[in-house]
Amino acid sequence: MTGAPLSNQRVLITGASSGIGAGMALGFAKAGAAVVVNHFDQGAAADAVVRQILDGGGHAVAAAGDVSNPADVASMFDVADQHFSGVDILIANAGIQKDGAFTDLTLQAWRAALDVDLTGAFLCAQEAVRRFRRQGLDPRRSKALGKVLFTSSVHQVIPWAGHANYAAAKGGVKMLMETMAQELAPEKIRVNAIAPGAIQTPINQAAWGTPEAEANLLKLIPYGRIGQPEDIAAAAIWLASDAADYVVGTTLFVDGGMTLYPCFAHAG
Ligand code: BGC
């Protein structure tokens, strides 16, 4: 696919068997990238994403693994090596919610969210940077030595009652991303994040699954619609491509205006 924004590039996307991750996998393949579709325990769903990419003439392979387990993380990057001879882009996307009122939040639920949403992002990013260095710069693929893109959330800035673990993890992702970006930019490694708002995926089905829930959710979105995985994929493709070569350490909010304090539009 010459002329495509990501031709010759290889991307590993964690949590790519469903939701935003699956949307990015399909989008990145269309943009010319070879895709490693990571999943935790959703082999059939990951295989379906891979099949869709192959049927469309793209390149993809599934790789099982727990992002919070360093050995699993190494093995998913090995899959990229074996199938595509390396990796140019990591999208640290895998995320979970384990919601609960503050005093009901168990240590287990706290750790589960932090393990996947923050420690998992850290482990994958660390492995990616090591691999970028080993591979070296290849200007036929990209101007950068490598790119790391985190899927953060509007909740890296919007406090969220009943979700202290998730919001804390996403706040952590913000500073992880910015610190990495500052530290690694001199090596031509670009680190950025996307902060999605309410995107219609299984993680937030309760927020859009009934007409009442949907109406309530739309009150928080000035642009008047729920986001789709393709909205995130389009932004991620641009951020990962050389068109964004001078974009370093930025969080791109893709949220239909959710971070604009919409409750102040007619009050305050
Ligand atoms: C959460 C969703 C939520 C959205 C907006 C996301 O990070 O995973 O459950 O709908 O933020 O609040």
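The values are calculated or read from the model by the stated rules, or taken from the named source; none is laboratory data. These numbers come from a predicted model, not from an experiment. So basically every Cβ, Gly included, is an ideal-geometry build from the backbone, and we count neighbours across all protein chains shown. Heavy atoms of the whole protein, side chains included, go into the accessibility calculation; ligands, DNA and RNA do not. Shrake-Rupley method; radii C 1.70, N 1.55, O 1.52, S 1.80 Å.
Taking the alpha carbon gyration tensor of the stretch 42-84, multiplying each eigenvalue by 5 and rooting it gives semi-axes of 21, 13, 5 Å, largest first. The residues His163, His83, sorted by heavy-atom accessible surface at 1.4 Å with ligands and nucleic acids left out, run His83, His163 from largest to smallest.
In a DSSP loop and with at most 14 other Cβ atoms within 10 Å, the trypsin sites (Lys or Arg not before Pro) in the stretch 104-147 are Arg140, Lys143.
Element breakdown for the stretch 28-83 at a 1.4 angstrom probe: carbon and sulfur atoms account for 50% of the accessible area. Taking the helices alone, the chain has a mean residue ellipticity at 222 nm of -12500 deg cm²/dmol, built from -39,500 (n - 2.57) per DSSP H run of at least 4 residues and averaged over all its residues. The three principal axes of the Cα atoms in the chain give end-to-end lengths of 53, 40, 39 Å, sorted in falling order.
With a 1.4 Å probe rolled over the protein heavy atoms of all chains, the accessible area of Ser68, Ser241 falls in the order Ser68, Ser241, largest first.
Loop-located chymotrypsin sites (Phe, Trp or Tyr not before Pro) in the stretch 80-142 (DSSP state other than H, G, I, E, B) with a sparse environment of at most 14 neighbouring Cβ atoms within 10 Å are absent.
Ordered from largest to smallest accessible area (heavy atoms of protein chains, 1.4 Å probe), the residues Cys124, Cys263 come out as Cys263, Cys124. Cα-Cα over 25 Å: which of Lys30/Lys98; Lys30/Lys143; Lys98/Lys174? From the list (Lys30/Lys98; Lys30/Lys143; Lys98/Lys174), the Cα-Cα distance tops 25 Å for Lys30/Lys98.
Averaging the Cα positions of each part gives two centres, and for the stretch 86-118 and the stretch 155-230 these lie 13 Å apart. Couplings 3J(HN,Hα) of the stretch 252-258, computed from phi: 9, 7, 10, 9, x, x, 4 Hz, in residue order, whole Hz [Karplus 6.51 cos²θ - 1.76 cosθ + 1.60, θ = phi - 60°; x for Gly and Pro].
For the stretch 54-166, the equivalent ellipsoid derived from the alpha-carbon gyration tensor has semi-axes of 32, 15, 14 Å in decreasing order.
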